[in-house]
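Take a look at the structure below.
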Amino acid sequence: VEEGSGQCSPCSEGKFWTLVPADSSHAGVMASGSTEVSKCEACAMGSYQDDLGTTQCKVCPLGQQTQSVGSISVQDCLCPEGTFLPDALTQGCQPCPEGMKCAIGSDMRNYHGSNITGGTGQYPKLRPRFWSTAEEPLSVYQCLNANVCPGLDPGVCGLGTTSLVCASCPEEWYLSGDSCKQCNAVEISKILFPIMPALLVLPGIAVFYTVSRTPVHRWSNPKPGLIVCASLVLVHFQIQGLLWTFNLFFPPSLGQTWGEFSKLVDGLAVLRPRCAGVTTFQDTYYMNVLVPLVVIMCFLSVFGFSRLFNLMTAGCRGRSSILMLPFVHVMDADYLFSCCGALMETFFVAIAKISMSLFHCYEHPNKKSSLFISPDILCDSSERQALIIVAIAAILLYIVGGGVCIVYALFMAPRRFESGGFQKRWRFLLAKYRPDVHWWSAVLLTRALLLSLAAIVFSDGQDQLLYVIILMAVYGFSVHSSKPWRHNLSNTFDVVMSVALIAAAAAMFRFSANPVDEEAQINVDDLVTSFTQATNFIPMAIAGCLGLSMVWAHFHPEIQEKRDAKLAEDLERASIALANFSDGKSDLRKHLAILSEIDKEALSQALHILLSESQIRLFNLRKMLGLEVHEVASVATIQELALSKSTSGDSGLPKAGLEEKMRMQVAPAVLDFGMKGANDGLMAVHLEEAQEGLRGGPSPNFVRVLTSSSSASGGGGGRGGGRLQPKSVPTRMNG
């Protein structure tokens, strides 16, 4: 019985009949003695009925679903959203491939243009930043830029790009940021590359050599410090460029700013070699991997030209004209070697990244892998396999070979530093750092190597970022505690850049998941939450470790006693060494010139502590011994005073007793004990002279002299026979 009908009739399409309990309204159609009546019900979702008067509905085939109840045709059966119907209809609805979106009713027969009755006409379409060929539309590749891979239909590239994953540009076009740009006439004429580098590189090396020729006693001057800061900036930008190579989903807007830093680790791409005819991947890779060798050859050429000019102008050596200086100057091979090493060290991040770039692959949704430096080259292709031997050779030559040379030089530095040739040859390794951390270059190169390995060892963007954060945090703490750079500005700058890179890597977590993947976004939110909570407890963990070390030291006082004994021994040795300076045998300022800013500051603070402590001890000693202070103009006057005291018979304590008292009461690292006279005790305390000498200022002639003061006190001459009567003594001491 149809709804609202008073008589029996077959159920219409989209419905089926079933028995239901009868009521009074069915009295006219109910059989005698029957308590039930048939009723038409609409087919549920997922089923349909195209016949009349049936007792059940037909189920949609192949896992399809209808969009409403009461469907009357099989054409109303469609694949739900997120699935599609492949060409092979026997497979049923399949999950939408990664990187594609499937609307309701997506059917691959619609993509191929098959004549399908009914349906929505939809088929799987690509999301932005994903690409597939027109021949294999369901084999999805991942692009590195959403602008060049706009999505939608397979085989479509944006902004003029071509080839696999839209990674290349047409001939006489080059990829700049996220689009292809046409080469201009200058770039095509090869003036930008290779003519301009060939003309400028040799004069540039000569200028670099001239600027970098800094003798050892000027290593702590401001000019070397500025050069160090400039190299730190270049290293910082290279690390920023490495972050751009991570497997992250950056928004296109970052390509115009942050993406530009990646050019520092892309070899010679900034010079547009593609416009000059270097178009194939093999040629580009050979060109980039040979750059360090070409630079070394250029340095050798500069040295050869210099020697040639010296031979040609041998008769002009005596001329003082500045125009003849480049020709008559004898170039120092050690300084030139140092310049080459400094250049290699500064760009070691880029050298390591290029050398290992053939091992940096990223995976596509179709389980294939592409090279990051050239996504149109698959990692299992013959083009890549043919270059593996070149990559291994570059790693052995640049990374392993260079590392061995640097480690050897740093190992030999303490033994051979006094050699002038060694100082000049390895200046780029030694001049930037304090002497006690002269090996810091090895730390920098290790950091660069570990950062370059991040994208190779880890494939997930989140893991790559966590790795960088941990590595930079360890490095930043090490710089803060060690202060390896000679200049305060360099140490501060290095710590600030480490903190900035940590902050940038932490902010990049939001780009570690595909924006259209809701599950991945949830995982990122969970990771960021955990990371944020962890940062709250890290200071507590550090404080706990430091507290345990203090507790350990409390229950093991012998540790501090050993340290104090070692410090006392070092101070005694230092006092003996400083005796030469106080006697005028050597110029202290010449020896201080080589010290770094950090060392000079530490020495000044230590001297201030010793002087302050010695002032207190001297006051107590004078009060105890009854000594007076005389102001004299020179050591000669001290000797004259001692002689007069001896001849007058005005003697205080015996020489041995007074000397022992002073040795017990006064810090030996600061005081110079000189007993003048046969029966008298004399102690010269060069306080102002020592402090002013360490500052590099003029050396004053004021010395404090302690003598027994019985005559000044009016009697007794002994230990307690008089009172202290100090005269006004000029002083320049702090505190």
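The values are calculated or read from the model by the stated rules, or taken from the named source; none is laboratory data. All figures in this text were calculated on a predicted structure; none of them were measured in a lab. Methodologically, a virtual Cβ is constructed for each residue, glycine included, from the backbone with ideal geometry; neighbour enumeration extends over all protein chains shown. The area values use the complete protein model at the heavy-atom level, side chains included, leaving out ligands, DNA and RNA. Shrake-Rupley method; radii C 1.70, N 1.55, O 1.52, S 1.80 Å.
Of note:
- Checked against (1) over 29 Å from the mean Cα position of the chain (by Cα); (2) within 30 Å of Tyr467 (Cα to Cα); (3) not small (Gly, Ala, Ser), Cys169 meets all criteria but (2).
- Contacts under 6 angstrom Cβ, first residue in the range 237-266 being in contact (Cβ under 8 Å) with a residue 12 or more places away in the chain, partner part of a helix (DSSP H, G or I) and of a type in the set (D, E, K, R), 6 or more apart: Val265/Lys353
- When Ser179 is tested against (1) touching a Leu at 6+ places or on another chain (Cβ under 9 Å); (2) among the hydroxyl-bearing types (Ser, Thr, Tyr); (3) surrounded by fewer than 16 Cβ atoms within 10 Å (Cβ to Cβ), just one condition goes unmet, and that condition is (3).
- Residue match in the range 444-454 (condition: buried (at least 19 other Cβ atoms within 10 Å of the Cβ) and either β-branched (Val, Ile, Thr) or touching a Leu at 6+ places or on another chain (Cβ under 6 Å) (or both)): yes
- Criterion: over 27 Å from Phe337 (Cα atoms) and among the charged types (D, E, K, R) - qualifying residue of Arg218, Arg274: Arg274
A quick yes/no check of all residues on (1) touching a residue at least 24 places away in the same chain (Cβ under 8 Å); (2) hydroxyl-bearing (Ser, Thr, Tyr); (3) in a helix (DSSP H, G or I):
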residue: Glu418; (1), (2), (3): no, no, no
residue: Lys424; (1), (2), (3): yes, no, yes
residue: Leu429; (1), (2), (3): yes, no, yes
residue: Asp436; (1), (2), (3): no, no, yes
residue: Ser441; (1), (2), (3): yes, yes, yes
residue: Leu450; (1), (2), (3): no, no, yes
residue: Ala454; (1), (2), (3): yes, no, yes
residue: Gln462; (1), (2), (3): yes, no, yes
residue: Tyr467; (1), (2), (3): no, yes, yes
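- Every residue from the range 350-382 that is part of a strand (DSSP E or B) and either of a type in the set (Val, Ile, Thr) or more than 25 Å from the chain's Cα centre (by Cα) (or both): Glu363, Ser369, Ser370, Leu378
- Residue list for the range 34-48, restricted to those being outside any strand (DSSP E or B) and either on the phi > 0 side of the Ramachandran plot or among the hydrophobic types (A, V, I, L, M, F, W, C) (or both): Cys43, Ala44, Met45, Gly46
- Residues in the range 479-512 that are polar (S, T, N, Q) and crowded, with 17+ Cβ neighbours inside 10 Å: Ser490, Asn491, Ser498, Ser512.
- In the range 176-195, of all residues being aliphatic (A, V, I, L, M) and touching a helix residue (DSSP H, G or I) at 6+ places or on another chain (Cβ under 8 Å), the one that is nearest to Ala269 (Cα to Cα) corresponds to Leu192.
- Across the range 57-71, the qualifying residues are those that are assigned to a loop (DSSP other than H, G, I, E, B) and either modelled with pLDDT under 90 or touching a Leu at 6+ places or on another chain (Cβ under 8 Å) (or both), and the one among them that is nearest to Gly46 (Cα to Cα) is Thr66.
- Phe337 satisfies every condition listed in (1) under 24 Å from Ile239 (Cα atoms); (2) open to solvent by 20 Å² or more (accessible area, probe 1.4 Å); (3) modelled with pLDDT of 95 or more except (1).
- Some residue of the range 146-153 being surrounded by fewer than 17 Cβ atoms within 10 Å (Cβ to Cβ), touching a Lys or Arg at 6+ places or on another chain (Cβ under 6 Å) and part of a strand (DSSP E or B): yes
- Test: Glu98 is loosely packed, with under 15 Cβ neighbours inside 10 Å, over 35 Å from the mean Cα position of the chain (by Cα), more than 30 Å from Ser71 (Cβ to Cβ) and not hydroxyl-bearing (Ser, Thr, Tyr): no
- Unmet criterion (only one of (1) of a type in the set (Ser, Thr, Tyr); (2) under 26 Å from Thr162 (Cα atoms); (3) crowded, with 21+ Cβ neighbours inside 10 Å) for Ser355: (2)
- Out of Ala198, Ala167, sole residue that is at negative phi and either acidic (Asp, Glu) or surrounded by fewer than 18 Cβ atoms within 10 Å (Cβ to Cβ) (or both): Ala198
- Taken over the range 243-278, residues that are in contact with a Lys or Arg (Cβ under 8 Å, 6 or more places away or on another chain) and closer than 25 Å to Leu453 by Cβ amount to 5.
Residues are listed down the side, and each one gets a yes or a no for (1) surrounded by 18 or more Cβ atoms within 10 Å (Cβ to Cβ); (2) over 20 Å from Lys125 (Cβ atoms); (3) among the small types (Gly, Ala, Ser):
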position: Asp50; (1), (2), (3): no, yes, no
position: Gly53; (1), (2), (3): no, yes, yes
position: Cys57; (1), (2), (3): yes, yes, no
position: Leu62; (1), (2), (3): no, yes, no
position: Gly70; (1), (2), (3): yes, yes, yes
position: Ser73; (1), (2), (3): no, yes, yes
position: Asp76; (1), (2), (3): yes, yes, no
position: Thr90; (1), (2), (3): no, yes, no
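- Subset tally (residues that are of a type outside the set (Lys, Arg) and either farther than 29 Å from Ala500 by Cβ or open to solvent by less than 10 Å² (accessible area, probe 1.4 Å) (or both)) for the range 215-227: 5
- Filter result (surrounded by 14 or more Cβ atoms within 10 Å (Cβ to Cβ), touching a Gly at 6+ places or on another chain (Cβ under 7 Å) and assigned to a loop (DSSP other than H, G, I, E, B)) within the range 134-144: Val140
- Residues that are small (Gly, Ala, Ser) and either open to solvent by 70 Å² or more (accessible area, probe 1.4 Å) or within 29 Å of Leu144 (Cα to Cα) (or both), drawn from the range 513-548: Ala513, Ala520, Ser530
- Pairing each residue of the range 329-358 that is touching a residue at least 24 places away in the same chain (Cβ under 8 Å) and under 29 Å from Phe372 (Cα atoms) with any residue that is surrounded by fewer than 21 Cβ atoms within 10 Å (Cβ to Cβ) and charged (D, E, K, R), provided the two are 6+ apart or on different chains, yields C-beta distances under 9 Å for Val349/Arg447; Ala350/Asp266; Lys353/Asp266; Ile354/Asp266.
- If the condition is being among the hydrophobic types (A, V, I, L, M, F, W, C), within 26 Å of His236 (Cβ to Cβ) and open to solvent by 20 Å² or more (accessible area, probe 1.4 Å), then the range 410-443 contributes Trp426, Trp439, Ala442, Val443.
- Test: residue in the range 175-186 that is within 30 Å of Tyr467 (Cα to Cα), in a helix (DSSP H, G or I) and touching a residue at least 60 places away in the same chain (Cβ under 8 Å): no
- The set of residues in the range 72-87 that are of a type outside the set (D, E, K, R) and assigned to a loop (DSSP other than H, G, I, E, B) comprises Ile72, Ser73, Cys77, Cys79, Pro80, Gly82, Pro86.
- Filtered residues of the range 154-174 (kept if more than 28 Å from Asn514 (Cβ to Cβ) and either acidic (Asp, Glu) or part of a loop (DSSP other than H, G, I, E, B) (or both)): Pro170, Glu171, Glu172
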